[in-house]
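These notes are about the structure you will find just below.
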Amino acid sequence: MTRNTRNTKNTKKQRDRWKVLAGAGAVILGAAFIWYSAGLYRQRQQAEAEARAWREGQAQETAAQTGSEVLEYEGKTYRRNTYVKAILCMGIDRTDTLEEPQVAGSGGQSDGIFLVAQDTVRNQVKILMIPRDTMTLITLTDLSGNVLGKDIQHLTLAYAYGDGRELSCQYMSEAVSTLLNGLPIDGYMAVSAGALPLLNDGVGGVTVTIQEEGMEAADPSFVPGAQVTLQGELAEKFIRYRDTSRPQTALERTERHKAYIQGFAEAAKRQAAREEGFAERMLNELQPYMVTDLDKGEYMDLALTFLESSQTLTEADMITLPGEAEETNLYDVYFPDLNEILPIVLELFYRAEE
């Protein structure tokens, strides 16, 4: 046998060996992929099963509720207070204006969800803070805007399934009403994040105390315990920042929103006392960034009533929707506790019948 023949045979053996190894590697990789995919599938199935179980439990708890204008609770009948208005306010995660309708899915999400209880007799407000990840029944659509039905999803997505304007606000209002035992929503107002510098600087800046650890990642001046007057882009950093690598930071941000709203209310009252026509100027500048079903007289009255009232907005006037925060392998969720929510809704918006 010649050397060339031996080399040819050795080369063929090496190729065969590599083919076997490559085949074995492919089998191993394929098995690993199937195992990994199956693991993800099991995790998703588990998350969906937990959501279904929660959904069924919540449906049983709400079945006895009559909703809308009249509610039954612990043997008593409660009727809607007509002098307390429910105004849904939404902060939208878009930096442009809200003047043009958008394709479903591209109009932004509602990062801030605040239900204002406006007492028109006492000239006072209370605010129900609703976490964006609250799981509740929302309307689903395709990209053309055709309604596909309803399902339990993150509340923030209700806005995204609309047109970025009135339809989005209607979907949000319906979802919040359903969440709160059929509470009628008297009006809505959505404002894009693009209006934040305008609003913040329009009141001369907003002073807050930094409470959270890790806020320096948003801005070096956000040191825990520091008192910072937010101007320009600092306001947006303070309001919108969250560390997405950690769970439930959207909930932490909701608490931060309370501090900002409190500081903004104080600054707005000071500016209104100094500047004649302050409220009208601010609302006129806000127009391109805002969608509302209130006419100008209504939201002007809402603003003036608060600015001229003796109320000092405190943390006690801002209530976070009761619920339980959980993390799945896919996303953060917040399951509302209807047993704890109902008494709050009754206190804010209803009166017991004699």
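Any read-out appearing in this document is the output of simple, stated calculations on the displayed coordinates, not a laboratory observation. None of the values given here were measured: they were computed from a predicted structure. A quick note on method: Cβ atoms are made from the backbone with ideal geometry, for glycine too, and the neighbour counts reach across all protein chains shown.
Taking amide H atoms as placed 1.01 Å from N in the peptide plane, the amide H of Y188 lies under 5 Å from those of L88, D293, L294, each 5 or more residues away in sequence or on another chain. Per residue, the convex hull around the alpha carbon atoms of the range 219-354 comes to 195 Å³. Once the chain from E275 to N123 is taken as fully extended at 0.36 nm per residue, the excess over their C-alpha distance is 52.6 nm.
A simple charge model with +1 on the Cβ of Lys and Arg, -1 on the Cβ of Asp and Glu and nothing else charged puts the dipole of the range 67-352 at about 540 debye relative to its Cα centre. Extents of the range 67-352, taken as max minus min of Cα coordinates on every principal axis and listed largest first, are 48, 47, 38 Å. With the gyration tensor restricted to C-alpha atoms of the range 214-266, the semi-axes of the equivalent ellipsoid amount to 18, 14, 10 Å, longest first.
Across the range 294-354, how large is the tail of the calculated P(r) beyond 20 Å, expressed as a percent of all Cα pairs? Across the range 294-354, Cα pairs with separations above 20 Å total 58 percent. Which log10 I(q)/I(0) values, to two decimals, does the range 176-241 give at q = 0.21 Å⁻¹ under the Debye formula with one point per Cα? Evaluating at q = 0.21 Å⁻¹ gives log10 I(q)/I(0) of -0.81. Mean sequence separation of contacting Cα pairs (under 8 Å, at least six apart), scaled by the length of the range 67-352, corresponds to a relative contact order of 23 percent. With 18 Å as the limit, the listed pairs K85/K296; K269/K296; K237/K296 have K269/K296; K237/K296 beyond it between alpha carbons.
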